[in-house]
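A quick write-up on the structure given underneath.
The values are calculated or read from the model by the stated rules, or taken from the named source; none is laboratory data. Note that the coordinates shown come from a computational prediction; the quantities given were computed from them, not determined experimentally. Cβ placement follows ideal geometry from the backbone for every residue including glycine, while neighbour counts extend to all protein chains displayed. Note: areas computed on protein heavy atoms with side chains; ligands, DNA, RNA excluded. Shrake-Rupley method; radii C 1.70, N 1.55, O 1.52, S 1.80 Å.
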Amino acid sequence: MVFFSKLKLNRNHIFLGLLFMAILLLSCAKSDTSKAVPAPTPLQLATVQCEKSANQSAFDKCLENFANANPDRKICGEIQNQLLRDTCFRKFALAKQDYTACGAIQNEFQQNACYRSIAISKNDANICGKIQNAGMKDGCYSSIVISSQDLSLCDAIQTQGVRDDCYLYGA
């Protein structure tokens with residue numbers, strides 16, 4: 001009993017112990033999965049790993065690193081630092097080729113660049129339409145015209161000179 005009174009258990013140790021027991025029980029469970037304990041989510045695992053961080057900045061960086069290794073959009077949403085959160089969403093969007101994650105980016109330039117990268121990668125002009133900056137949007141359409149040889153996309157270009165070049169050099 002003296003041993004246990006001297007042992008300092010903090011929240012991490014208790015959670016990790018419970019997590020270990022849950023995994024052990026899950027692996028021993030019979031084929032009846034209706035009562036099985038669900039595996040922890042990537043967000044839960046990231047939170048446990050990162051809560052040892054010394055401050056919010058270190059916590060945010062830890063979450064970003066965890067999200068890079070285990071792409072999960074929910075982890076990005078927990079990052080407090082706006083720049084790191086935007087970077088996390090951009091990396092997630094590019095890794096998963098999921099343009100919807102670009103919409104969570106607050107920085108307009110990064111958001112537009114995210115949409116442009118995925119549109120060009122997927123050769124999808126519809127994604128170009130989500131870009132707010134006219135010059136970047138025109139460049140997106142131009143890039144897709146060059147790769148797809150679809151000159152009808154030149155009509156979507158707003159800047160007259162860029163549109164003319166599109167028709168001239170797109171084919």
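Some notes on this structure:
- Within the stretch 27-53, the set of residues being more than 25 Å from Phe89 (Cβ to Cβ) and either open to solvent by less than 70 Å² (accessible area, probe 1.4 Å) or at pLDDT 85 or above (or both) comprises Ala29, Ala36, Val37, Pro38.
- Hits in the stretch 138-171 (condition: among the acidic types (Asp, Glu), open to solvent by 50 Å² or more (accessible area, probe 1.4 Å) and assigned to a helix (DSSP H, G or I)): Asp155, Asp164, Asp165
- Extreme residue, farthest from Ser152 (Cα to Cα), among residues of the stretch 103-137 that are charged (D, E, K, R) and in a helix (DSSP H, G or I): Glu108
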